[in-house]
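The values are calculated or read from the model by the stated rules, or taken from the named source; none is laboratory data. Just so you know, these numbers come straight off a predicted model, no measurement behind them. Ideal geometry is used to build each Cβ from the backbone, glycine not excepted, and the neighbour counts take in all protein chains shown.
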Amino acid sequence: MTDLTLDTAPPPPALADLMARLDRSCRTGTRELGAETGSVPASHYTDRVHWQNEQDSLFAHWPIVAAHSAEVAPGSALPFDALGVPIVVTRSIEGRARAFFNVCRHRGMALVTTKGSAPPKATPCKALVCPYHGWTYELDGRLRHRLHAETFDGIDPATLNLVELPCDEAGGLIFVKRTPGPPFSAATFLQGLDAHLQWLGLADMKVFRKVDHVYRANWKLTADAFLEGYHIRVLHRDTIYPFFADAMAVNLRAGPHQDSLVARRTALEGFEPPRDRSALCKVATPTQFLFPNSFLIWHPDYVSLIGMFSPAPDEVRWVHTMLIPPDRTGDDWHAHWEKTFNLIEKTVFQQEDIATAVGIQKGLLSGANTGLVAGRLESDVLRFHRGVDAAIGGTLKPAGD
Ligand code: FES
Ligand SMILES: [Fe+2]
């Protein structure tokens, strides 16, 4: 197996600094600890008013990752409904990604429909044609054609373009807001992390598999599990812990987002400053948390993009997209990725992380805990919840708005 040919430009300074901190931690055997301990009120995982406030502030007004860039090829349209309203993401032949309500302006039919229970894939198309009466829209949302247009006399077609939603792309991700409004800058929103994603090569990755399931746990319980490495030694003892150092990670904060390097065991033997993604992922697992609900986890040779959506207070809609390097998409790689997918999604995520969240959700209803306690290896969990509360309270707004 040969190493990928990657960009060997030096890493962005903030990422280089993070690598140096991890190296120092591993060489000295010293963990970087958070500044605080605390607890999260149990009601924040169960209360319907709290959930509604999250919907109205976070999920309605923050840029949310709708897809990896490779999911929407030029001249195609991808339905996206995880935010609770029907949305369609299009990409013009020229390459511009846009989002609209997936709702025909005639009598409201969905323009791009999904069949079966598998996560939808983008449909190649030159235009969006409504399956009900055939109204046709350009991929930029303009109404192009109405069957028997003369029978709509008195109705100005200029008022019947698709309703556009704010949408922008950066670092290999397409971000959408579910509420119409002014445009935003995804690069500004990422507060510097777009440079990290560029260096890691996210935009070049290809989709191997996507899963979309609902589980009985509040979405923040699954997020909590990806914001601390304290649990790896016990919960993942027989699966991934053999590859990781015990609770050894460094984090940098980029506004409400963060980038972390979680040390693998190989890091304890010391490492040269990694010159590319391949070298970095041998010694650490880079993990970006994009507030409020997305994670990127850089396994040694593939990436998990995970969105955690919130259809109900006690439900998480888990959307996991497994991304693989562009030079490993051939048939000869299929069995390898299939095995890898089963290990990470079905065993590590479903049977360990998600099953734990489901168990906690049940326990919360018992009233045994009025809050969930976090120590100094888990202070990013507390920071995440402070961010949610600040967004609900209106004191935290997305950068780039
Ligand atoms: S509802 Fe779309 S054309 Fe009639
Ligand atoms: Fe985990």
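Just checking, does region 12-30 include any residue being exposed (fewer than 15 other Cβ atoms within 10 Å of the Cβ), in contact with a helix residue (DSSP H, G or I) (Cβ under 9 Å, 6 or more places away or on another chain) and not in a helix (DSSP H, G or I)?
Yes: one or more hits.
Of all the residues that make up region 368-386, how many are touching a residue at least 40 places away in the same chain (Cβ under 8 Å) and surrounded by fewer than 18 Cβ atoms within 10 Å (Cβ to Cβ)? Explain how you work it out, then say what you get.
Of the residues in region 368-386, the ones touching a residue at least 40 places away in the same chain (Cβ under 8 Å) are 369-385.
Subset that is surrounded by fewer than 18 Cβ atoms within 10 Å (Cβ to Cβ): 369-371, 373, 375-376.
Number satisfying all stated conditions: 6.
Being of a type outside the set (Lys, Arg), under 16 Å from the mean Cα position of the chain (by Cα) and in a helix (DSSP H, G or I) is true for just one of HIS213, HIS196. Which residue is that?
Values: HIS213 fails: in a helix (DSSP H, G or I).
The unique qualifying residue is HIS196.
Okay, residues lined up against (1) within 16 Å of ligand 1 (Cβ to nearest atom); (2) touching a residue at least 40 places away in the same chain (Cβ under 8 Å); (3) outside the structural domain of GLU164 (by TED's automatic domain parsing):
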{"residue": "PRO86", "(1), (2), (3)": "yes, no, no"}
{"residue": "VAL89", "(1), (2), (3)": "no, yes, no"}
{"residue": "ASN102", "(1), (2), (3)": "yes, no, no"}
{"residue": "VAL112", "(1), (2), (3)": "yes, no, no"}
{"residue": "GLY116", "(1), (2), (3)": "no, no, no"}
{"residue": "LYS121", "(1), (2), (3)": "no, yes, no"}
{"residue": "VAL129", "(1), (2), (3)": "yes, no, no"}
{"residue": "LEU139", "(1), (2), (3)": "no, yes, no"}
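I need a count of the residues in region 145-166 that are surrounded by 14 or more Cβ atoms within 10 Å (Cβ to Cβ), within 16 Å of ligand 1 (Cβ to nearest atom) and either of a type in the set (D, E, K, R) or under 29 Å from the mean Cα position of the chain (by Cα) (or both).
2
Against the conditions (1) closer than 30 Å to LYS220 by Cβ; (2) touching a helix residue (DSSP H, G or I) at 6+ places or on another chain (Cβ under 7 Å), where does LEU143 fall short? Just the number, please.
If we test LEU143 against (1) closer than 30 Å to LYS220 by Cβ; (2) touching a helix residue (DSSP H, G or I) at 6+ places or on another chain (Cβ under 7 Å), just (1) comes out false.
Would a scan of region 388-397 turn up a residue that is touching a strand residue (DSSP E or B) at 6+ places or on another chain (Cβ under 6 Å) and either closer than 20 Å to GLU54 by Cα or not assigned by TED's automatic domain parsing to the domain that holds HIS68 (or both)?
Our first condition is that a residue be touching a strand residue (DSSP E or B) at 6+ places or on another chain (Cβ under 6 Å); within region 388-397, this holds for none.
Looking through region 388-397, none of the residues is touching a strand residue (DSSP E or B) at 6+ places or on another chain (Cβ under 6 Å) and either closer than 20 Å to GLU54 by Cα or not assigned by TED's automatic domain parsing to the domain that holds HIS68 (or both).
Just to be sure I understand, how many residues within region 322-362 are over 15 Å from ARG209 (Cβ atoms) and aliphatic (A, V, I, L, M)?
5
One residue is enough: does region 182-189 have a residue meeting the conditions free of Cβ contacts under 8 Å to residues at least 40 places away in the same chain, assigned to a loop (DSSP other than H, G, I, E, B) and closer than 27 Å to ALA60 by Cα? Even if it seems obvious, please write down each step before you answer.
Of all residues in region 182-189, those free of Cβ contacts under 8 Å to residues at least 40 places away in the same chain come to 183.
Cutting the leftovers down to assigned to a loop (DSSP other than H, G, I, E, B) gives us 183.
Keeping just the survivors that are closer than 27 Å to ALA60 by Cα gives 183.
Yes, region 182-189 contains a residue that is free of Cβ contacts under 8 Å to residues at least 40 places away in the same chain, assigned to a loop (DSSP other than H, G, I, E, B) and closer than 27 Å to ALA60 by Cα.
Only one of ASP204, ASP194, ASP168 is at pLDDT 95 or above and over 20 Å from PRO10 (Cβ atoms). Can you tell me which? Give the derivation first.
Values: ASP204 fails: over 20 Å from PRO10 (Cβ atoms); ASP194 fails: over 20 Å from PRO10 (Cβ atoms).
One residue alone meets the criteria, ASP168.
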